[in-house]
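The values are calculated or read from the model by the stated rules, or taken from the named source; none is laboratory data. Note that the structure is predicted; figures quoted are calculated from it, not measured. Cβ coordinates were reconstructed from backbone atoms using ideal geometry, including for glycine residues, and neighbour counts include every protein chain displayed. Surface accessibility is based on the protein's heavy atoms, side chains included, excluding ligands, DNA and RNA. Shrake-Rupley method; radii C 1.70, N 1.55, O 1.52, S 1.80 Å.
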Amino acid sequence: MERWIQEDKDAIRNPSDLARYIPLNEEEQDIIEKLCQFFQLKIPLYYLNLINPDVPDDPIRKMCIPSCEEFIVKKGELNDPIGDLKVDLNNQALPAITHRYSDRVLLHLTPLCGGYCRFCFRRRLVGNNEFRVTDQQLEQALFYIRGKDTIREVILTGGDPLMMSDTKLFPILKKLREIPHLWTIRIHTRMPIWNPYRITDQLVAGLKKFQPLWIVAHFNHPREVTSLTQRQLSKLIDVGIGVLNQSVLLKGINDTPEIQRELQWKLIRTRIVPYYMHHVDKAKGISHFRVSIKKGLKIFKELQGTIPGYALPKYVLDIPGGHGKVPLQYNYLSRNGDRQIYIESPLHGYHVYEDAPDEFTDPGSASAQQTSCPASE
Ligand SMILES: *Cc1c(COP(=O)(O)O)cnc(C)c1O
Ligand code: SF4
């Protein structure tokens, strides 16, 4: 049996097994048992070993071991916080597809993951076999993608697409590659974090054939970037597959500039490019992971200019209800009248910048008067 499949089989799935590795009293075991009826427990031993068992609020522990705070549901929290089920160009006729942006489409291949993140925003379906994608649903989804020539990129998501075996995954990739209007394929996965053994030589050799292909890993904390996962992801990068990272800004886990700086540096030293930092979604029972946007912006302001520009991910919010992602940006500019701008430097002080005339609102501007190129007169 392949190592990753063995690792997946041996993963911790109930509180009594967990108690053999992590000190838990009976009450804690009882709470975990109850919580797992709503959103199951699964932690591969590789990941469990990253926990410092003596520290109760260890960040790695909080990401994978349930806490009683998950019972708390706050006002405004939703089953489907990012509106997977709402705004959809295919009107939800196809369960395997979420089509919101005309050029990109999400293809959900499986509800299963390598482990279950306690902050998961798709917990309404993730880990639940009722949401298994049938062969027929998959064929219908592929038919839809073939028929819509505005689609340029298919984003495989889930669950975790790399939970599928190579023999299931590769034929799907092959069918996608045969669609002429599709330019890129993207795979979103947390397998390199939960179970890095998944990146087998066979997977690397197989994925190499379907380029241009992007892998988006989901590292949240620098301690998740182990030498094993670095070695494994390097194999994909060595054959020319682009590896990006997206993370979630999580309270008590990665909500300081210092931890963020360490995470992003570790990523670029592995040649992984930071892509997105998600503001945590309003899923039910995850209020204990939520930081304010104000705090998020403050962290980003401290990162600006103190790490390489390409190491700084975009901070984004998925507007609840399916209205899309929006960049969250600290506002460094303020206007005084039309032309004068005050700029706050991320390094030091405030500075005045005289802006160019606005060609649309300023009728006296040269570009507004000019109707043709001076060189052509
Ligand atoms: C996030 C998301 C995408 C991908 O967006 P990018 O900005 O290209 O990463 C596509 N479709 C949906 C529905 C999404 O939520
Ligand atoms: S890997 Fe993603 S989809 Fe799976 S449990 Fe974690 S956050 Fe949810």
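Residue pairs whose Cβ atoms lie under 7 Å apart, separated by 6 or more positions or on different chains, with the first residue in region 319-330 and aliphatic (A, V, I, L, M) and the second within 16 Å of ligand 2 (Cβ to nearest atom), are Val326/Val316; Leu328/His279; Leu328/Val316. Here region 331-344 is the region considered, the condition is being assigned to a loop (DSSP other than H, G, I, E, B) and in contact (Cβ under 8 Å) with a residue 12 or more places away in the chain, and the residue that is nearest to Pro257 (Cα to Cα) is Tyr332.
Restricting attention to region 285-305, the residues that are assigned to a loop (DSSP other than H, G, I, E, B) and out of contact with any strand residue (DSSP E or B) (no Cβ under 7 Å at 6 or more places or on another chain) total 6.
Per the listing Arg118, Arg124, the residue uniquely within 16 Å of ligand 1 (Cβ to nearest atom), within 23 Å of the chain's Cα centre (by Cα) and either assigned to a loop (DSSP other than H, G, I, E, B) or buried (at least 16 other Cβ atoms within 10 Å of the Cβ) (or both) is Arg124.
Scanning region 96-107 for residues being within 16 Å of ligand 2 (Cβ to nearest atom) and open to solvent by 20 Å² or more (accessible area, probe 1.4 Å) gives a total of 1. Does Leu24 satisfy the condition of being of a type in the set (A, V, I, L, M), under 26 Å from Met191 (Cβ atoms) and not in a helix (DSSP H, G or I)? Taking the combined requirement at face value, the residue does not satisfy it. Among the residues making up region 46-64, those that are in contact with a helix residue (DSSP H, G or I) (Cβ under 7 Å, 6 or more places away or on another chain) and either over 19 Å from Asp255 (Cα atoms) or part of a loop (DSSP other than H, G, I, E, B) (or both) are Tyr46, Tyr47, Leu50, Ile51. Does Ile187 meet the test of being assigned to a helix (DSSP H, G or I) and surrounded by 21 or more Cβ atoms within 10 Å (Cβ to Cβ)? It is false that Ile187 is assigned to a helix (DSSP H, G or I) and surrounded by 21 or more Cβ atoms within 10 Å (Cβ to Cβ). Evaluate the following for Arg198: is it open to solvent by 10 Å² or more (accessible area, probe 1.4 Å), in contact (Cβ under 8 Å) with a residue 60 or more places away in the chain, within 26 Å of Val248 (Cα to Cα) and within 16 Å of ligand 2 (Cβ to nearest atom)? No: the conditions fail for Arg198.
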